[in-house]
Amino acid sequence: MHILFGPLCFLASFLFFSGEFLFSEMLMPLFGGASHVWITSILFYTIVLLAGYFIVYLIRVSDPVVALCILITLFLLQISFYAFKIILSQAAPPIWSVLWALTNMALIPLLTLGMTTPLLQNIADADLTKTSKILLLFSNFGSLLGLIIYPIVADTLLGLENRKLIWQFAALACSLLVLLIGMNAYAGSTQAKRDSVPNSISLTLRARWFFYSFLTCLLMLAVTNFITHGLGSVPLLWMIPMAIYLGTFWLAFSEKFSKINLYLRKYGPILWGILQLLSYVQMEQNTFLLHFRNYLFLFLTTLIINSEIYQNRPSQNLSSFYLVLNIGGACATLLVSILIPHIDLSLSNVYLEFVLAIVFFAAFLVMRDYKKLQKSTLAKVTFSTVLVLIVYQLFPTIKNELESRRNFYGLVRVLEENGEILMAHGNTVHGGRKIDPKLSSMPLVYYHPKSGVGEAFAFLDFPKKVASIGLGAGSILYYAHPGDQWDLLEINQNVYDLALKHFNFLSQSKAHYRLRIGDGRLLMQQSQKSKEFYDLIVLDAFSSDSIPFHLLTREAFELYLGRLNPGGVILLHLSNNYCDFLKVVAPIARVLKTEMAYAKRQIQDQLGRSDSLWAVLSKDVRIVQNFRSEKGWETPAEALFSLPLWTDDWQGLLSIINFL
């Protein structure tokens, strides 16, 4: 029977971590594609994993009859659990809605999967103590493959519904095998296999385990937030920090890499300092290199900390050890997902959790190398210099930040730079104005009057009824005319409040506008029920951070086209540093039998630099042809129209990313 333990630990961990991606991906469209869905999901998964370890701990110290009853009850619950439906509370805050939805979808299956490895370790300990460590290696390897295979292979080859069905079947089969093993182990027992190790572990050592686990998880979440807000909210990007986090745990606990770990514990901080210096001098203008810097930083720090965890592990009583580690991880996700979004401070484009992670890691190094720092002046100077440099990078030009607000949907800042007032969300500017009163009413950046949006509004007839998905600084309203009726669809209330307070596009708008708070696609579906139709629909939600990919599927465009009056137009803002969205829109335009044209403009004048990409779609062939003939708009290359079609069930991110 023991021969099945390793493969089962591998399968359970593979399913647990691929399930993280699966259910989070299913929830993204319900919350506007917000990257915080993933962070909140991690909170749910760590709590579930903690609950699983706690149940296994209870099983270990309980009678065999009680243990068997727990296993049978969980299996029966899992059989009936798949019939449950997702029920979202419309009035609840987004964080609690995400947690409740995950509870509806995945609580019992993930709980049974999370219990598998510690349960099999406890059963194996009765006969073969060495087996426990082998099972941990199987589990870690399965976790890594789950992180890699799901977003790259499954997300590319299989639709979302097929992925869900396969996952549910595999999770149920894994739970059945674990139940059979448990019945074999406990049914014939007459007394409990109790934890025979006395509670001799000091509170100080337990606190150290907790802090180390808390810190590694905090570092992983900080880098994850940085990546998702800079590149987009997709499983492929979530994978990297999580894979580093788990991979360094595996490396640190492997004796084969003990020498490498020893060198990294000694010299890793020096390499870290050199990396920060290089990034400060050479990488500041290269976003991909900045992301790589954070990946490497995460790898070094978590490997160093996990090596310390390994050095301080107990020789026995591992169930208590892993329970404390899980508590530390759960507290870190609680801090990042629930507490920090409600802290309103003026910070740089890297979030508060990153600052806390740096401070805590510095404290870790001081505690670990306190004697060396006392004896060596060079060590003190080096450590202080690196720490000051990092703080300088994380807290830049606070004097230039007029105001910032943060919630579930991210950090929105209003900055004053080079005679301009800009709105930034994550790492991306979403419009601005000049401070000079003579130019303050003119839109900047992507909304420049000579850009594609300026040409489009100059060409279209008036008056119009317009729906605009995505608000930013409100720059799009510069093009509104008297008599226009605008519906502004914005998911983040903070964006509207700051736009109204610091920019004049809303207050000076010549048109009548109505603000509607919520996800653009869901609000458009509501307008479908009320039979509201528009002459123009503006999609302006794809510029870099937290990209809501569910707004770019065939089903979404079918909805938009169904909301247009005859001769209506869809205007799309497709400017993006990382993704070529023409590859997404062109195939949809062909399938839905619409005409498409785009304008890529690069402008430099008194309003500053403007690089933008705008596109138009319409069922009215004549309108789009006039854009080409009179405004010089281009038709996408024929090869783009035959690319794979994005649907609600499948999106191929790899095919549109610009790596260079």
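If I compute solvent accessible area with a 1.4 Å probe over the protein chains, what percent of it on the range 405-480 is carbon and sulfur? Show your work: numbers first, answer last.
Details: 1230 of 2430 Å².
In the range 405-480, the share of accessible area belonging to carbon and sulfur is 51 percent.
Near the amide H of Leu411, within less than 5 Å, lie the amide hydrogens of Gly426, all on another chain or at least 5 residues away, with H placed in the peptide plane.
Keeping all protein chains in place, calculate the accessible area per residue for the range 548-660 (probe 1.4 angstrom), answer in Å².
Values: 4800 Å² over 113 residues.
Averaged over the residues of the range 548-660, the accessible area is 42 Å².
Peptide packing: for 501-509, 9-17, 635-643, 572-580, the average count of neighbouring Cβ atoms within 10 Å per residue gives the ranking 9-17, 572-580, 501-509, 635-643, highest mean first. When the surface is traced with a 1.4 Å probe over the full set of protein chains, Glu634 keeps roughly 90 Å² accessible.
With θ taken as phi - 60° and the Karplus curve 6.51 cos²θ - 1.76 cosθ + 1.60 applied, the whole-hertz 3J(HN,Hα) list for the range 319-325 is 4, 5, 4, 5, 5, 5, 4 Hz, x standing for glycine and proline. In this view, the solvent-accessible surface of Asp540, computed with a 1.4 Å probe and all protein chains in place, comes to about 20 Å².
How many percent of the accessible area of the range 1-77 is carbon or sulfur, using a 1.4 Å probe? Don't skip to the end; give the middle numbers.
On the way: 2020 of 2460 Å².
Taking all protein chains in place, the range 1-77 shows 82 percent carbon and sulfur surface.
Note that the range 359-367 has calculated 3J(HN,Hα) couplings of 5, 5, 5, 4, 4, 4, 5, 4, 5 Hz, one per residue in order, obtained from phi through the Karplus relation 6.51 cos²θ - 1.76 cosθ + 1.60 (θ = phi - 60°); glycine and proline are x. Amide H contacts for Leu564 (H built 1.01 Å from N in the peptide plane; partners 5 or more residues away or on another chain; cut-off under 5 Å): Tyr534. Close amide H pairs (under 5 Å, H built 1.01 Å from N) link Lys464 with Asp484, Gln485, residues at least 5 positions away or on another chain. Based on the Cβ-Cβ distance of Tyr267 and Ser441, what FRET efficiency does E = 1/(1 + (r/R0)^6) give at R0 = 51 Å, to the nearest 0.05? Once rounded, the FRET efficiency stands at 0.35. Per residue, the range 9-85 exposes an accessible area of 33 Å² to a 1.4 Å probe, with every protein chain left in place. Given a Förster radius of 30 Å and the C-beta distance between Ser655 and Glu255 as r, what FRET efficiency does 1/(1 + (r/R0)^6) yield to the nearest 0.05? Computed FRET efficiency for Ser655 and Glu255: 0.10.
Taking 0.36 nm per intervening residue step and subtracting the Cα-Cα distance, what contour gain separates Leu645 from Leu172 on full extension?
Working: separation 473, 0.36 × 473 = 170.28 nm, distance 3.24 nm.
Result for the pair: 167.0 nm of gain on full extension.
Rolling a 1.4 angstrom probe over the protein heavy atoms with all chains in place gives the range 457-545 an accessible area of 38 Å² per residue.
Percent of accessible area on the range 523-654 owned by carbon and sulfur, 1.4 Å probe?
Working: 2470 of 5240 Å².
Roughly 47 percent, rounded to a whole number.
The values are calculated or read from the model by the stated rules, or taken from the named source; none is laboratory data. Because the structure is predicted, anything quoted here is derived from the model rather than measured. Neighbour counts run over all protein chains shown; Cβ positions are idealised from the backbone, glycine included. In case anyone asks, the SASA skips ligands and DNA or RNA and just uses the protein heavy atoms, side chains included. Shrake-Rupley method; radii C 1.70, N 1.55, O 1.52, S 1.80 Å.
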